[in-house]
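Trainee: Below is the structure I would like to discuss, written out as structure tokens.
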Amino acid sequence: MWRNSATVSFSSKLLSYSSSSANPNYFHYASAFSIFSPNGVVDQALSPSHQRFYCSSAVPSPSPSSGSVIKLGFLANKSDAYLPLSLKARDAVQLARHYGRCYWELSKARLSMLVVATSGTGYVLGSGNAVDLAGLCYTCAGTMMVAASANSLNQVFEINNDAKMKRTRLRPLPSGRIAIPHAVTWASSVGFAGTALLACKANMLAAGLAASNLVLYAFVYTPLKQIHPVNTWVGAVVGAIPPLLGWAAASGQISLNGLILPVALYFWQIPHFMALAYLCRDDYAAGGYRIFSLADASGRRTAAVAFRNCLYLIPLGFIAYDWGVASGWFCVESSVITLAISAAAFSFYRDRTTQKARRMFYASLLYLPVFMSGLLFHRLSDNPQCLAENPNRIIELPSFPEVVTESEEDDQKKKVRYVTAVPQGRAPVAYASIAPFPFLPVPSYVDQ
């Protein structure tokens, strides 16, 4: 619709009134708004009315005489003033839509939103009893910015490869809809803004994970795609970091419980991409990428790798239950959906056809949202019910104050006990604090 090097020129003489012209109400449209292309050709995607306007503006307007006076909005014929303003407003809207569409495609917005979903899930899982909605929004926004930056840089580096592939040749950079410096500026700006947002509103650990993931994706995984098939496994690491980022943003630390979803994402990505690589291997070969399926003419090794990684997903439901992350119902649901994707992978292994590969690809698309939804729905917070369902594990309970009044004279000074870590077979550690400072506990030996 617009050429990538189109230059928009707004003249300082918006409304000029020429006293020497035959028509005193003459309005110089060319000096009001001009769009030039490098070769003087108007884009054919524009409407006929726009083309007529641009063609007329391509001719330089006559320079006004010395007696010309610039007047703002004072014309005898008001229609002459409103016409170019309406056209300019329409052109501004079209320009905004054009670049908005380019930014959307550069960011791979749908893929970035999936990354945001995994990061948000990690944040909720790491929040415990209460979820900070503002913190969740800040984390998701920062993650979206960093993911958009990484995807944009990926397209900048792969512009020549994308131009050779049917699936990617219409992207903004190969199609010439946006210039490379413009895309680099966009990627750098949103990447820096997203990292800064996470550092200010979450914590430095989350910001560090985001920045390191951007570097890993744009500067390690992207060039590795043209060097060695191991890029698939490096890309799986990149996809596993966002939920860990969300967990770190909520809890301020990385723990074993926070690794359930990242591990699931790592193993899930392998069959997902193996199915995609098998379906598009001719296109990947034309683009010059070194993917695993290109060295496997029969597809047997590709299907075997996909099936093996599906099997690795089976224990995750049991581990989530054993570690107290989710209830027993999640263990059942996770086993069912994992067996379903494993069955699709095994079917592809036995009969390596495009139809079976596509079925496994669709099964992988269904697996991830179901797994994350089940993990959120059946998650266990740090509460007494969690201890009752898993009595053999060590948990950290929230502070449940128990008020103990020693006498009527001490009603204003109440001893408060707090129970923290409760390992099995050990006595609880008691703390007591005296009002009005209940949040500064001191050791108490009353119950020892």
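Trainee: State all residues of the range 81-127 that are under 16 Å from residue 258 (Cβ atoms) and surrounded by fewer than 15 Cβ atoms within 10 Å (Cβ to Cβ); if no residue qualifies, say none.
Mentor: none
Trainee: Taking residue 84 as meeting all but one of (1) part of a helix (DSSP H, G or I); (2) at pLDDT below 95; (3) over 22 Å from residue 171 (Cα atoms); (4) within 39 Å of the chain's Cα centre (by Cα), write down the number of the exception.
Mentor: (4)
Trainee: Looking at 263, 305 in this structure, which one is within 27 Å of the chain's Cα centre (by Cα), modelled with pLDDT of 90 or more and of a type in the set (Val, Ile, Thr)?
Mentor: Going through 263, 305 in turn, just one is within 27 Å of the chain's Cα centre (by Cα), modelled with pLDDT of 90 or more and of a type in the set (Val, Ile, Thr): 263.
Trainee: Tally up the residues in the range 265-303 that are open to solvent by 10 Å² or more (accessible area, probe 1.4 Å) and in a helix (DSSP H, G or I), please.
Mentor: 20
Trainee: When only residues in the range 309-330 that are closer than 21 Å to residue 345 by Cβ and in contact (Cβ under 8 Å) with a residue 24 or more places away in the chain count, which is most open to solvent (accessible area, probe 1.4 Å)?
Mentor: 312
Trainee: Which pairs turn up if I take residues in the range 206-229 that are surrounded by fewer than 21 Cβ atoms within 10 Å (Cβ to Cβ) and look for partners that are outside any helix (DSSP H, G or I) and hydroxyl-bearing (Ser, Thr, Tyr) with beta carbon separation below 7 Å, at least 6 apart in sequence or on another chain?
Mentor: Between residues of the range 206-229 that are surrounded by fewer than 21 Cβ atoms within 10 Å (Cβ to Cβ) and residues that are outside any helix (DSSP H, G or I) and hydroxyl-bearing (Ser, Thr, Tyr), the close pairs are 226/289.
Trainee: So residue 172 ticks every box in (1) surrounded by 22 or more Cβ atoms within 10 Å (Cβ to Cβ); (2) assigned to a helix (DSSP H, G or I); (3) over 14 Å from the mean Cα position of the chain (by Cα) but one. Which box is left unticked?
Mentor: The single condition residue 172 does not satisfy is (2).
Trainee: Hey, can you tell me all the residues within the range 141-169 that are assigned to a helix (DSSP H, G or I) and among the β-branched types (Val, Ile, Thr)?
Mentor: 143, 146, 156, 159, listed by residue number.
Trainee: Give the range 115-143 a look and list any residue that's among the hydrophobic types (A, V, I, L, M, F, W, C), in contact with a Leu (Cβ under 8 Å, 6 or more places away or on another chain) and under 23 Å from residue 371 (Cβ atoms), or say none.
Mentor: 124, 125
The values are calculated or read from the model by the stated rules, or taken from the named source; none is laboratory data. Computed from a prediction, not measured in an experiment: that's the story for all the values here. Don't worry about glycine lacking a Cβ; one is built from the backbone with ideal geometry, like all the others, and counts go over all protein chains shown. The accessibility values were calculated without ligands, DNA or RNA, using every heavy atom of the protein model including side chains. Shrake-Rupley method; radii C 1.70, N 1.55, O 1.52, S 1.80 Å.
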